[in-house]
Amino acid sequence: MPRVDVVTGNLGWIEVICGPMFSGKSEELIRRLRRAMIARKRVQAFKPAVDTRYSEDEIVSHSDSRLKAEVVSSAREILERMDWRTQVAGIDESNFFGNELVDVASRLADSGKQVIIGGLDTDYMGRPFHPMPDLLCLAESITKTLAICMRCGNPAKHTQRLVESDDLIVVGAEGVYEARCRRCFEPGIPKQEYLDFARPLLKAKA
Ligand code: ADP
Ligand code: ZN
């Protein structure tokens with residue numbers, strides 16, 4: 001039986017916005033939260049402490065749209081900071097929160113809140129980025145956003161890492177990552193330079 005908030009009478013649910021970097025996840029999250037505010041709903045937005053690239057207290061998109069957000073260092077802290085009157089909770093960069101977010105998002109939705117979650121669905125190797133797969137299964141609504149491939153201009157679903165590191169999380173934007181389509185994506189560190197270098201030699205051999 002769907003649970004309904006005892007105070008507001010709202011039915012809670014989970015919406016996920018996923019895709020690669022530069023695909024408009026933050027823009028879309030901000031758009032939905034703004035619309036909720038226009039509808040006079042009580043809104044709280046959260047972002048992880050690990051990502052203070054552009055602002056300490058705002059969600060900022062690559063096109064510079066901004067929305068005030070509370071910075072939290074764990075998913076559990078979202079529960080602690082949650083105002084019981086809040087009707088809509090937005091969470092950006094959700095892939096930084098780990099599996100704890102699955103339980104937290106479910107509890108918020110079960111308590112009658114509309115939970116909007118933005119995050120990368122795949123990592124720099126093209127693997128599922130946890131906890132997004134579980135959140136996608138739990139969600140009532142899923143939006144997959146695509147960026148533009150920086151090599152060929154096709155729709156891009158991958159986040160290409162441009163710097164050398166085996167760490168799952170390397171915080172950065174332009175210069176550190178770029179969007180790539182499935183044909184141009186090179187898992188891990190790009191080796192395209194070698195390919196470009198080798199192509200004339202291969203042609204000469206043929
Ligand atoms: P995300 O949250 O998915 O990283 P943002 O919402 O922060 O994306 O930024 C989306 C904006 O980034 C676009 O509206 C566009 O202005 C800009 N942008 C920069 N590079 C690209 C790209 N390769 N493909 C699409 N948009 C890009
Ligand atoms: Zn491409």
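Extending 7 Å from the Cα toward the beta-carbon at both Glu70 and Glu186 defines two label points whose distance is 4.4 nm. Only protein atoms count toward the accessible area here, which uses a 1.4 Å probe; on the chain, the carbon and sulfur part of that area reaches 54 percent. When each of the peptides 17-25, 181-189, 125-133, 100-108 is scored by how many other beta carbons lie within 10 Å of its residues on average, the order from highest to lowest is 17-25, 100-108, 125-133, 181-189. Model label points for Val163 and Arg35, set 7 angstrom from Cα along the Cα-to-Cβ axis, are 3.6 nm apart. The residue among Gly12, Gly24, Ser94 whose Cα reaches farthest toward the positive pole of the charge dipole of the chain, with charges on the beta-carbon of Lys, Arg, Asp and Glu, is Gly24.
Rolling a 1.4 angstrom probe over the protein heavy atoms with all chains in place gives region 13-145 an accessible area of 44 Å² per residue.
Peptide packing: for 61-68, 156-163, the average count of neighbouring Cβ atoms within 10 Å per residue gives the ranking 156-163, 61-68, highest mean first.
Dipole of region 35-134 computed with +1 at Lys/Arg Cβ and -1 at Asp/Glu Cβ about the Cα centre; of Leu79, Val60, Val43, farthest Cα towards the positive end is Val43. Placing unit charges on the Cβ atoms only, positive for Lys and Arg and negative for Asp and Glu, gives region 13-145 a dipole magnitude near 580 debye about its Cα centre. Here's the list of aspartates and glutamates a cross-link from Lys144 could span, going by alpha-carbon distance under 14 Å and ignoring same-chain residues fewer than 8 apart: Glu15, Glu27, Glu28, Asp121. Taking only Cα atoms, what is the 0 to 90° angle, nearest 10, from helix 192-205's long axis to the longest principal axis of the chain? So the helix axis and the longest Cα principal axis differ by about 30 degrees.
Take the residue pairs Lys113/Lys157; Lys25/Lys68; Lys47/Lys113; Lys25/Lys113; Lys41/Lys113 and return only those whose Cα atoms are more than 22 Å apart. Over 22 Å Cα-Cα: Lys113/Lys157.
The values are calculated or read from the model by the stated rules, or taken from the named source; none is laboratory data. Note that the coordinates shown come from a computational prediction; the quantities given were computed from them, not determined experimentally. Cβ: placed from backbone, ideal geometry, glycine included. Neighbour counts: every protein chain shown. SASA here: full protein model, heavy atoms, side chains in, ligands and nucleic acids out. Shrake-Rupley method; radii C 1.70, N 1.55, O 1.52, S 1.80 Å.
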